[in-house]
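Engineer: Quick one: structure below, then a few questions.
The values are calculated or read from the model by the stated rules, or taken from the named source; none is laboratory data. Keep in mind that this is a model prediction, so the values were computed, not measured. Quick reminder, even Gly has a Cβ in these numbers, built from the backbone with ideal geometry, and neighbours come from all protein chains shown.
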Amino acid sequence: DVKVTQSSRYLVKRTGEKVFLECVQDMDHENMFWYRQDPGLGLRLIYFSYDVKMKEKGDIPEGYSVSREKKERFSLILESASTNQTSMYLCASSFWDGGTLHFGNGTRLTVT
Amino acid sequence: DQQVKQNSPSLSVQEGRISILNCDYTNSMFDYFLWYKKYPAEGPTFLISISSIKDKNEDGRFTVFLNKSAKHLSLHIVPSQPGDSAVYFCAAIIQGAQKLVFGQGTRLTINP
């Protein structure tokens, strides 16, 4: 069974802090994704990566960056957290040709 | 620009009856469609998919219908069970591309 593990279930950070969200997958998937889920807006893609050290902007990359130094690990970085980044963050992975995504359980981030 | 739309934020159905969740899309290049189910505090899980070369795909109690001319798909759940209460996301992709495009989600509540 594919496992996508997000390091934290809940995080509370202050405005202006640098925040790291970590994600690890164990299925040798080429693609990894970061989404945020907000009520009424569904799942919106922040960034994705199709290979080590490769990254592509999604639909809402502003205020975020990512890092993929190893195939199994994809990190989302909030350079200077703001209250409008309070959200549920979901990491996902898939094989190179897209299609079925496997999601982690999410990190609920609150920025105060 | 919302390429995948779920216009009903919520749906309430009696246990044992049919649940019908709807999804519309605007990009005629999409050729593969998926439904994901999400429980609170968990990541979305894949439910069922359909290729654009088909108009119906069935898996147990779940059936997805695709109407390409109307750019519309629907998910039927028969009979509905309390465990089906969740948020359902419709998603679409151009096969070979890496990223799914999600709708806003519909919260389904099954009443006993």
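Engineer: From the residues in the stretch B:1-37 that are part of a loop (DSSP other than H, G, I, E, B) and among the small types (G, A, S), which one is farthest from B:Q95 (Cα to Cα)?
Structural biologist: Restricting attention to the stretch B:1-37, the residues satisfying the condition of being part of a loop (DSSP other than H, G, I, E, B) are B:1-3, B:6-9, B:15-18, B:26-31.
Then keep just the ones that are among the small types (G, A, S); that gives B:8, B:16, B:28.
Working: B:S8: 27, B:G16: 35, B:S28: 12 Å.
It comes out as B:G16.
Engineer: Which condition number in (1) in a loop (DSSP other than H, G, I, E, B); (2) more than 10 Å from chain B (Cβ to nearest Cβ); (3) in contact with a Phe, Trp or Tyr (Cβ under 9 Å, 6 or more places away or on another chain) is the one that A:Y47 fails?
Structural biologist: Among (1) in a loop (DSSP other than H, G, I, E, B); (2) more than 10 Å from chain B (Cβ to nearest Cβ); (3) in contact with a Phe, Trp or Tyr (Cβ under 9 Å, 6 or more places away or on another chain), A:Y47 violates only (1).
Engineer: Would you mind finding the one in B:L66, B:L75, B:L47 that is touching a strand residue (DSSP E or B) at 6+ places or on another chain (Cβ under 7 Å), at pLDDT 95 or above, within 22 Å of A:N105 (Cα to Cα) and assigned to a strand (DSSP E or B)?
Structural biologist: Details: B:L66 fails: within 22 Å of A:N105 (Cα to Cα); B:L75 fails: within 22 Å of A:N105 (Cα to Cα).
Every option except B:L47 fails the conditions.
Engineer: Kindly indicate whether any position in the stretch B:42-56 is away from chain A (no Cβ under 14 Å) and surrounded by 15 or more Cβ atoms within 10 Å (Cβ to Cβ). Give the derivation first.
Structural biologist: The initial filter retains those residues of the stretch B:42-56 that are away from chain A (no Cβ under 14 Å), namely B:53-56.
Of the ones still in play, those that are also surrounded by 15 or more Cβ atoms within 10 Å (Cβ to Cβ) are none.
No, because not a single residue in the stretch B:42-56 is away from chain A (no Cβ under 14 Å) and surrounded by 15 or more Cβ atoms within 10 Å (Cβ to Cβ).
Engineer: Looking only at the stretch B:38-52, how many residues end up being of a type outside the set (F, W, Y) and touching a residue at least 12 places away in the same chain (Cβ under 8 Å)? Please lay out each step first, then the result.
Structural biologist: Step one: list which residues in the stretch B:38-52 are of a type outside the set (F, W, Y), which gives B:38, B:40-45, B:47-52.
Remaining after also requiring touching a residue at least 12 places away in the same chain (Cβ under 8 Å): B:38, B:44, B:47-52.
Result for the stretch B:38-52: 8.
Engineer: Sticking with this structure for a sec: Quick test for you: out of B:Y32, B:Y36, pick the one residue that is under 23 Å from A:G106 (Cβ atoms), surrounded by 14 or more Cβ atoms within 10 Å (Cβ to Cβ) and of a type in the set (S, T, Y).
Structural biologist: Exactly one of B:Y32, B:Y36 is under 23 Å from A:G106 (Cβ atoms), surrounded by 14 or more Cβ atoms within 10 Å (Cβ to Cβ) and of a type in the set (S, T, Y), namely B:Y36.
Engineer: Now, a different point. Take A:Y35 and decide whether it is within 21 Å of B:A92 (Cβ to Cβ), in contact with a strand residue (DSSP E or B) (Cβ under 8 Å, 6 or more places away or on another chain) and within 13 Å of chain B (Cβ to nearest Cβ). So that I can check it myself, show each step before the final result.
Structural biologist: Values: within 21 Å of B:A92 (Cβ to Cβ): yes; in contact with a strand residue (DSSP E or B) (Cβ under 8 Å, 6 or more places away or on another chain): yes; within 13 Å of chain B (Cβ to nearest Cβ): yes.
The answer is yes for A:Y35.
Engineer: Ok, one more. Is there a residue being in contact with a helix residue (DSSP H, G or I) (Cβ under 8 Å, 6 or more places away or on another chain), in a loop (DSSP other than H, G, I, E, B), more than 14 Å from B:T45 (Cβ to Cβ) and not basic (K, R) anywhere in the stretch A:69-80? It would help to see each step written out before you state the result.
Structural biologist: Of the stretch A:69-80, the ones in contact with a helix residue (DSSP H, G or I) (Cβ under 8 Å, 6 or more places away or on another chain) are A:78.
If we keep only those that are in a loop (DSSP other than H, G, I, E, B) as well, we get none.
So far as the stretch A:69-80 goes, no, none of its residues is in contact with a helix residue (DSSP H, G or I) (Cβ under 8 Å, 6 or more places away or on another chain), in a loop (DSSP other than H, G, I, E, B), more than 14 Å from B:T45 (Cβ to Cβ) and not basic (K, R).
Engineer: Shifting gears a bit: Of the conditions (1) assigned to a loop (DSSP other than H, G, I, E, B); (2) buried (at least 20 other Cβ atoms within 10 Å of the Cβ), A:E17 fails just one. Which one is it?
Structural biologist: It is condition (2) that A:E17 fails.
Engineer: Can you pull out every residue in the stretch A:49-72 that is more than 30 Å from B:I50 (Cα to Cα) and surrounded by 15 or more Cβ atoms within 10 Å (Cβ to Cβ)?
Structural biologist: A:Y64, A:V66, A:S67, A:R68
Engineer: Evaluate the stretch B:23-35: report whether one residue or more is away from every other protein chain (no Cβ under 12 Å), of a type outside the set (V, I, T) and free of Cβ contacts under 8 Å to residues at least 60 places away in the same chain. Working first, answer last.
Structural biologist: Going through the stretch B:23-35, the residues away from every other protein chain (no Cβ under 12 Å) turn out to be B:24-29.
Subset that is of a type outside the set (V, I, T): B:24-25, B:27-29.
Now restrict to residues that are free of Cβ contacts under 8 Å to residues at least 60 places away in the same chain: B:24, B:28.
Yes - at least one qualifying residue is present in the stretch B:23-35.
Engineer: Still on this structure, please answer the following. When you scan the stretch B:7-30, do you find a residue that is of a type in the set (V, I, T) and under 29 Å from A:Q25 (Cα atoms), even just one? Working first, answer last.
Structural biologist: First pass over the stretch B:7-30, keeping only residues of a type in the set (V, I, T): B:13, B:18, B:20, B:26.
Now narrow it down to the ones that are under 29 Å from A:Q25 (Cα atoms): none.
No; the residues of the stretch B:7-30 include none that is of a type in the set (V, I, T) and under 29 Å from A:Q25 (Cα atoms).
Engineer: Continuing with the same structure: Scan the stretch A:81-112 for residues that are assigned to a strand (DSSP E or B) and out of contact with any His (no Cβ under 7 Å at 6 or more places or on another chain) and jot them down. Show your work before the answer.
Structural biologist: Taking the stretch A:81-112 as the starting set, the residues that turn out to be assigned to a strand (DSSP E or B) are A:87-94, A:102-103, A:107-111.
Across the stretch A:81-112, the qualifying residues are A:S87, A:M88, A:Y89, A:L90, A:C91, A:H102, A:F103, A:T107, A:R108, A:L109, A:T110, A:V111.
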